[in-house]
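Shown next, in structure tokens, is the structure this report addresses.
Read-outs throughout are calculated quantities, based only on the coordinates presented, and are distinct from any laboratory measurement. Please read these numbers as outputs of a predicted model, since none were measured by experiment. Virtual Cβ from ideal backbone geometry, glycine too; neighbours counted across all protein chains shown.
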Amino acid sequence: MKEVKILTIDERGRIVIPQIVRKSLGITTNSQLMMISDSEAKEIKITPVGLRSESNLIKLRITMGDTPGALAKLATTFGDLKLSMMYSEAVIVEKDKTAVWTVISESPSFPIEELEKILKEKGEALKIEVLPLE
């Protein structure tokens, strides 16, 4: 069932998610939500991510070659490591040379440095940056 509500932003930039919506989506105190804003489309999407409260998220910016199958290799590597991706977006930086893939994922149960090494070796990533989730 879809709920359509008009929300107002208060003087501190906050919105209130109506109780009926929170209840129908299972959103409670300390639930994690992912917000995606698209300035070109003038659109905001807010999605519950459904993670356990003890899970942490990481945001990675992965530079890769702009070649056929490069993104598939990286995505397969995430799958092999059993890491759920909450969001991803790929952009070609220079045609036939480089592309950038931004990923929000569950943190691995092992050190981030090991993840970076695996993504470079198996996924053929050129560069990996860990970004703040702000």
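Lysines within cross-link reach of residue 127: Cα-Cα under 18 Å, excluding same-chain residues under 8 positions apart?
59, 73, 95, 97, 117
Residue by residue through region 24-41, which ³J(HN,Hα) values in whole Hz follow from phi under the Karplus form 6.51 cos²θ - 1.76 cosθ + 1.60 (θ = phi - 60°), with glycine and proline marked x?
Listing the rounded values in order: 5, 9, x, 7, 10, 3, 6, 5, 9, 10, 10, 10, 10, 10, 10, 5, 5, 8 Hz.
Using a Förster distance of 22 angstrom, determine the FRET efficiency expected from the C-beta separation of residue 109 and residue 36, and round it to 0.05.
0.25
Under the Kirkwood approximation for Rh and a Cα-based Rg, what ratio Rg/Rh is obtained for region 80-134?
Working: Rg = 11.9 Å, Rh = 12.4 Å.
Checking Rg against Rh, the ratio lands at 0.96.
With +1 on the Cβ of every Lys and Arg and -1 on the Cβ of every Asp and Glu, and nothing else charged, how large is the dipole of the chain about its Cα centre, in debye rounded to the nearest 20?
Result for the chain is approximately 440 debye, rounded to the nearest 20.
Of the listed values [x] 10.5; [y] 7.2; [z] 8.1, grab the one calculated as mean projected area of the Cα convex hull in nm² from the structure here.
Among [x] 10.5; [y] 7.2; [z] 8.1, the one calculated here is [x].
Calculated from DSSP H runs of 4 or more alone, at -39500 (n - 2.57) each and per residue, what is the 222 nm mean residue ellipticity of the chain, nearest 500? Mind dumping the intermediate values first?
On the way: 3 runs with 28 residues, N = 134.
Rounded to the nearest 500, the figure is -6000 deg cm²/dmol.
Take every Cα pair under 8 Å in the chain that's 6+ residues apart, average their separations, divide by the length, and report that relative contact order as a whole percent.
Relative contact order comes out at 25 percent.
Who wins for biggest fluctuation among 27, 62, 15 in a Gaussian network model of the chain, springs between alpha carbons below 10 Å?
Maximum fluctuation in the GNM of the chain, among the listed residues, is at 15.
Using θ = phi - 60° and the Karplus form 6.51 cos²θ - 1.76 cosθ + 1.60, what ³J(HN,Hα) does each residue of region 71-79 get, whole Hz, x for Gly and Pro?
My calculation for region 71-79 gives 5, 4, 4, 5, 4, 5, 4, 4, x Hz in order.
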